[in-house]
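For reference, the structure discussed in these notes is given below.
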Amino acid sequence: MEQRPELPLPQLYAFTVLAEELHFGHAAARLGIAQPPLSQQIRRLEEKVGHPLFHREPGGITLTAAGRELLPAAQRVLTELADGLAAARAVGSGETGRLRIGFSASLALTVLPGLLHTFRERYPGVHLDIREMTTAPQLAALHDRSIDLGLLREPPDTDTELRFRTVLSEPIVAVLPSGHPLASQRTVRVAQLADSPFVLLPRAAGPQLYDRITGLCTAAGFTPRIGQHAVEWQTVCALVEAGLGVTLAPASIRRIRLKGVAFRRIGPGTARTRVAVAWRQHDRNPLVAHLLAAVSRSHHDHPTTG
C-alpha cells in the first residue's frame with residue numbers, strides 16, 4: 001500500500017526557514033507572518049515527528065539531532081518540488097519538451113534548415129526529434145500519433161483529420177543525364193521526354209506527387225515508361241546520372257550536385273509542386289503551435305522559389 005506523506009509543505013517550509021535563520025523573529029519576517037503562527041507551525045510539525053526539532057534556550061535556538069536529520073530531506077523535497085513546478089510550467093507553455101517532426105528528404109535542401117534554426121533560437125530547451133520519411137509514411141505517422149508535425153509534398157485534399165498549410169511552391173524541372181540530347185536546350189517540353197525511360201519514386205511513397213508527375217506526362221500525350229524506382233531523390237538523380245532514365249522533379253533537387261546530371265526548365269508554362277506542413281486538426285500541444293508560428297514567419301520571408 002502506498003504510504004501517504006504526513007508532513008504538510010507549509011510546515012516543512014517554515015521549518016527550513018527557521019533552521020536557516022535560527023531566530024523566530026527573523027524567520028517570521030522572511031515568511032511574511034507573525035511569530036505566533038510560525039510557532040504553531042513548528043509545534044504541529046514536532047508533534048508529527050514525535051520529537052522536538054529545536055532547542056529553545058534563553059540565548060536563542062539550535063537544531064536538535066532530529067532537526068539536523070530532517071533538514072536536508074526537507075530542503076531536498078522543497079527544491080525538487082520547485083524544480084518540478086518550473087518544469088511543468090515550461091512544458092505547459094511550450095518552452096521545453098519534445099517535438100517529433102517528419103520531413104521529406106528533399107526539404108533538407110530548402111525549408112527545413114532555416115525553419116529549425118528559427119525554432120531553436122526561440123525555444124532552445126525543446127528537444128527536436130527529426131525523422132526523414134516520404135509523404136505517405138508521414139501521413140500514417142500523424143494519424144497514429146508517432147510524429148507531431150510533417151513537412152511533405154502535395155498534401156491530400158480528402159484527409160479531414162489533418163490540417164495543412166502551404167510552406168513552399170516550387171517549379172517542377174526535367175532531370176536528364178548530361179549527355180542526353182535534350183540537355184543542350186534551356187527549356188524542355190514534357191512531350192520530348194516520351195521516348196526516354198523514367199526514374200521515379202514509387203507511388204506508395206507519395207501518391208499525390210507521383211500522380212502530379214505522371215499527370216504532366218499524360219497531358220503531354222504519353223504514359224511514362226518507368227525504368228527504375230528509387231525511394232530518395234538523391235538515388236533518383238544518381239540513377240539518372242548513370243543513364244538509366246530521366247525524370248521530372250521539384251526544382252530544389254538541383255541542389256544535389258552531380259556532375260553527370262542536367263536540370264532544365266519545362267515548358268510551355270510552369271508546373272509547380274506544393275510543400276505543406278501537416279498536423280492533427282485538434283492537437284493542443286503548445287510546441288505544435290510554436291512550430292506553426294515559425295513556419296508562418298519562414299513562409300512570409302520566402303513564400304515561393306523558382
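Every number in this text was worked out from the coordinates using simple rules, so none of it is lab data. No experiment lies behind these values; they were computed from the predicted model shown. As a convention, Cβ positions derive from the backbone with ideal geometry for all residues, glycine included, and neighbour counts pool all protein chains shown.
Structure above, values below:
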| item | result |
| --- | --- |
| Fluctuation leader among 211, 148, 195 - the chain, Gaussian network, Cα springs under 10 angstrom | 195 |
| Point-charge dipole on Cβ atoms (K/R +1, D/E -1) for the stretch 218-293, about Cα centre, debye to 20 | 240 debye |
| Of 46, 121, 132, the one that fluctuates the most in a GNM where the chain has Cα springs shorter than 10 Å | 46 |
| Gaussian network model of the chain, springs between alpha carbon atoms under 10 Å - residue of 62, 235, 166 with greatest fluctuation | 62 |
| Magnitude of the charge dipole, the chain, Cβ model with Lys/Arg +1 and Asp/Glu -1, debye to 20 | 1200 debye |
| About the Cα centre, charge dipole magnitude for the stretch 9-93 (Lys/Arg +1, Asp/Glu -1 at Cβ), debye | 140 debye |
| Helix 65-93 vs. the chain, principal-axis angle (Cα, 0 to 90°, nearest 10) | 30 degrees |
